[in-house]
Amino acid sequence: MNSSLQDLIINLSSAAIAFAAGWSFEKLRDLWRFRNIRGFWKPFATNDLRVVTSIFIKEEHYIWERSGLVGVGDVLALNELRQQLKRAGVDQLPITPSHQLTGLERQGNLVLVGGPHSNRITAEVMQRLPLTFTFGQAEAHDANIYDSVTGDVMQCAMNSDDQLVVDQGILIRAINPFDRDRNVVILAGSFGFGTSAAARLLASLEILTREIVTQGNPFEAVFSVEIAGGTPQHIELKKLRQLDSTVLRVST
């Protein structure tokens, strides 16, 4: 074997070793970096998982789009969820509009996108959980969040041009009240910005490293999010509480 061929083989071997080492390092770094997200979503990586979206199908919406309308905030939340669930081994996002979810599908693992005013499944589930954070009445278009423990009322903020500058929301992980062997996550904003911010908050160490969350306990949280340029910006976690997993309410 001449020296030129020998040098070529050595160079190719070195490049292959360097590539493999770099690939392994990146793989290990990602495994470490996203370990908390994978741990959170692992119980949801089942065949009966459903991601349930809000949908607007009332008469005034149906006139413009016969298939129904979905908010931009929900779309942003779905994109964030797709990335998170992929790290837990869920390659396809099984999306179902809330008005199409069957009774049997309610008994699976559920990720509910959108608050109770726009997502009927969110409303059904929240009515059955022992929550201390709740939204106001849909009939009154009340987007405030009420704390039954302290009596506090959280409100969104508008600027002088009546533009939303601070949205808010509720983030929940709980036992599915339709099947106690399954779980539910709720991403519910007062408006769509809050819903998309809830998905982002769920991927943050601010939530994922809390003891309540790392131990897999049911929890409820409230947060606010600044809006600038039509985009959610800084998210501030306000309160985080453990839910009593032994208590479920009967809907009336």
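Some points to look at:
- The range 133-153 - residue that is among the aliphatic types (A, V, I, L, M) and free of Cβ contacts under 8 Å to residues at least 12 places away in the same chain and, of those, surrounded by the fewest Cβ atoms within 10 Å (Cβ to Cβ): A140
- Test: A143 is in a loop (DSSP other than H, G, I, E, B), under 18 Å from G114 (Cα atoms) and modelled with pLDDT of 90 or more: yes
- Looking only at the range 104-132, and only at residues there that are of a type outside the set (A, V, I, L, M) and free of Cβ contacts under 8 Å to residues at least 40 places away in the same chain, the one that is surrounded by the most Cβ atoms within 10 Å (Cβ to Cβ): H117
- Annotation note: of V111, V125, V52, the sole residue that is in contact with a helix residue (DSSP H, G or I) (Cβ under 6 Å, 6 or more places away or on another chain) and outside any loop (DSSP other than H, G, I, E, B) is V52.
- Check on N79, modelled with pLDDT of 90 or more and more than 19 Å from G108 (Cα to Cα): yes
- In the range 17-63, residue nearest to N176 (Cα to Cα) [restricted to those that are aromatic (F, W, Y) and modelled with pLDDT of 65 or more]: F44
- Counted residues, the range 166-197 - those being within 26 Å of G103 (Cα to Cα) and of a type outside the set (S, T, Y): 20
- Hits in the range 202-232 - residues which are modelled with pLDDT of 95 or more and within 23 Å of S148 (Cβ to Cβ): P218, F219, E220, A221, V222, F223, S224, V225
- Exactly one residue among R200, R173 is touching a helix residue (DSSP H, G or I) at 6+ places or on another chain (Cβ under 8 Å) and assigned to a strand (DSSP E or B), and that residue is R173.
The values are calculated or read from the model by the stated rules, or taken from the named source; none is laboratory data. Just so it is clear, the model here is predicted, and its values are computed rather than measured. No Cβ is skipped: glycine too gets one built from the backbone with ideal geometry, and neighbour counts run over all protein chains shown.
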